[in-house]
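Asks: Here it is: the structure, laid out below.
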Amino acid sequence: MSSTELQFEKLLAIHCAPVLKKKKVANMFHIEKSYIDNLEYIVNKYNETLNPEGLFIQILQESQTRVTIFVYCKKLLKSILHQYDIQKFLTNYNYPIENLNKTLSYLNYRLTYYKHYPHEIGLFLGYPLEDVIGFINHDKCQYCGYWKVYHNEENAKHLFYIYDLCQQEVLGCVHCGQCIKDIVTRL
């Protein structure tokens, strides 16, 4: 494995372990383009490996110097985006909801060209709709972890605990020399 791939593996382990273990819908992280050589090639290579497992990596919000890496479990994301209340909410922002690729393309458009960060992105990351709305409305936050929690604090704390365990396990495996492909395919 090249040093570039090892760098990318560590980023996936740090930022996306719960997604890689299919315990969370999606995660994202931002990186400077200069940090990883041949980033598009690396993303394509990992998609070849991860897509058969239902996991996808997409480059979003690409600028001259920085990109957003969006890693998602397609089945889980489709399930969330097919919920009536989520669809109704997203149509308020003009999302095309009939096709996942079009929906993600529009998310990328909003990330790239809108002046304000599109807070509805929380839905794509698996945050509960009530918490996304609470954030948008500046409600009083009950708890802060992987996201700001405005409703159902106990459920969120339980999820955060599971996500932490996933991260510890995946990082431990990577530090012991296992590759992401092996970690994902042994689930």
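Asks: What FRET efficiency, computed as 1/(1 + (r/R0)^6) with R0 = 30 Å and r the Cβ-Cβ distance, is obtained for residue 114 and residue 143, rounded to the nearest 0.05?
Replies: 0.60
Asks: Tell me whether the stretch 49-147 comes out rounded, prolate or oblate; compute the Cα gyration tensor, take square roots of the eigenvalues as a ≥ b ≥ c, and use a/c under 1.5 as the rounded threshold.
Replies: Rounded is the answer for the stretch 49-147, as its axis ratio a/c remains below 1.5.
Asks: Could you give me the ³J(HN,Hα) list for the stretch 161-175, computed from phi with Karplus coefficients 6.51, -1.76, 1.60 and θ = phi - 60°, whole Hz, x at Gly and Pro?
Replies: Taking θ as phi minus 60°, the curve returns 4, 4, 5, 4, 4, 4, 4, 4, 5, 5, 4, x, 5, 5, 5 Hz for the stretch 161-175.
Asks: Per residue, how much accessible area does the stretch 42-101 have with a 1.4 Å probe, in Å²?
Replies: Ligands and nucleic acids excluded, the figure is 54 Å² per residue.
Asks: Output wanted: per-residue J couplings in Hz (rounded whole) for the stretch 112-127, from phi through Karplus 6.51 cos²θ - 1.76 cosθ + 1.60, θ = phi - 60°, x for Gly and Pro.
Replies: Result, rounded to whole Hz: 7, 10, 7, 5, 9, 5, x, 5, 5, 4, x, 5, 5, 8, x, 6.
Asks: Under 18 Å Cα-Cα from residue 33, which lysines qualify once same-chain neighbours fewer than 8 residues away are excluded?
Replies: By straight Cα distance, residue 33 reaches 10, 45.
Asks: When the accessible area of the stretch 128-187 is split by element with a 1.4 Å probe, what percent falls to carbon and sulfur?
Replies: It is 52 percent, rounded to a whole number.
Asks: Each residue of the stretch 93-100 in turn: what ³J(HN,Hα) in whole Hz from Karplus with 6.51, -1.76, 1.60 and θ = phi - 60°, glycine and Pro shown as x?
Replies: Karplus-based 3J(HN,Hα) across the stretch 93-100 equals 9, 6, 5, x, 9, 7, 8, 4 Hz.
Asks: Rounded if a/c is under 1.5, else prolate if a/b is larger than b/c, else oblate: which is the stretch 148-187, with a ≥ b ≥ c the root eigenvalues of its Cα gyration tensor?
Replies: Cα axes put the stretch 148-187 in the prolate bin.
Asks: I need the shape label for the stretch 15-98. Rule: rounded when a/c is under 1.5, else prolate if a/b > b/c, else oblate, with a, b, c from the alpha carbon gyration tensor.
Replies: In terms of gyration-tensor shape, oblate.
Asks: Amide H neighbours of residue 143 under 5 Å, at least 5 residues apart or on other chains, H built in the peptide plane: list them.
Replies: Placed amide hydrogens put 149 under 5 Å from residue 143.
The values are calculated or read from the model by the stated rules, or taken from the named source; none is laboratory data. Predicted model, so just to flag it, every value in this text is computed and none were measured. Please note: Cβ atoms are built from the backbone with ideal geometry, for glycine as well, and neighbour counts cover all protein chains shown. Keep in mind that these areas ignore ligands, DNA and RNA; they rest on the heavy atoms of the full protein, side chains included. Shrake-Rupley method; radii C 1.70, N 1.55, O 1.52, S 1.80 Å.
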